[in-house]
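Since the structure comes first, as structure tokens, the remarks are kept for the end.
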Amino acid sequence: MGDAMAVLRQRSNELSLDIDNYALQHLFMIQNEELSLSVNELSKLAILNKKIYAADIDKHVYGMGEMAMDEFISKVLQKEDITSQMQKLLDAGSHDEIKIINALQAYIVQLFMFHSYIKIHGSYDVLDILGFPLPQNLAQMRAAQCIKINLPTYQKILKHLLESEHALKKMQNIDKNSYTFSALIKLQSYL
């Protein structure tokens, strides 16, 4: 980590990029500790021509951690084995059990929005649906996934995720990892 931060600090100085150490570390972590990807993102952030904070990175950088989460969610929705990938997400430290449940909630809500829009209009427009662009491959994937789930199933899944989030936040003396895993298996049974 120390060597990576030194390289990122050196590159940000070369670019005259005003960024603090916390933001550099945040960038490195969301890129799954891939130094070359993090260095490339510094060049893109320099275009903003302002002091860079962690919030700017969240807004302008599509991290490898997010891709890993999207891949994980796809496996959940395809009813595949998620054991090893969930453990990788937890071990990476960028996600905990509540963040995994929240990411699933956000994804399912997006699928529901795509589903509703397609039912009404016959096609999808990502900007109309989400208010921001998505890479074309992700938009196509969401459009394909959303139709596979019917409305009562959306309701069951979202209710289950809310109950799971509540349990993780309120229950004490539970193994959050095991609870989350069982909650995801139950979610898969709804599909």
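Read-outs: derived from the displayed coordinates by stated rules, not from any lab. These numbers were taken from a predicted model, which means no experiment stands behind them. Cβ placement follows ideal geometry from the backbone for every residue including glycine, while neighbour counts extend to all protein chains displayed.
Couple of notes before you dig in:
- Each residue, S182 and K99, gets one label point 7 Å from its Cα in the Cβ direction; the gap between the two is 2.5 nm.
- Linear extension gain, D58 paired with A106, 0.36 nm per residue minus alpha-carbon span: 15.7 nm
- Selection among S12, M171, L90 by position relative to the dipole of the chain gives M171 as farthest towards the positive end (Cβ unit charges, Cα centre).
- For the chain, the 222 nm mean residue ellipticity estimated from helices alone, with every DSSP H stretch of n ≥ 4 adding -39500 (n - 2.57) and the total spread over all residues, rounds to -23500 deg cm²/dmol.
- Highest mean first, the peptides 131-144, 68-81 sorted by other C-beta atoms within 10 Å per residue fall in the order 68-81, 131-144.
- Lys, Arg +1 and Asp, Glu -1 on Cβ, resulting dipole of the chain about Cα centre, debye, nearest 20: 660
- Taking the range 1-49 and dividing mean pair separation by its residue count, relative contact order in percent (alpha carbons under 8 Å, at least six apart): 41
- Summing +1 for each Lys or Arg and -1 for each Asp or Glu among the other residues whose beta-carbon sits under 12 angstrom from that of S16 gives +1.
- The three principal axes of the Cα atoms in the range 65-190 give end-to-end lengths of 48, 29, 25 Å, sorted in falling order.
- For the range 73-80, 3J(HN,Hα) per residue [Karplus equation, 6.51 cos²θ - 1.76 cosθ + 1.60, θ = phi - 60°, Hz, x = Gly/Pro]: 5, 4, 5, 4, 5, 8, 6, 8
- Relative contact order (%) - the chain, alpha-carbon pairs under 8 angstrom, separation at least six: 17
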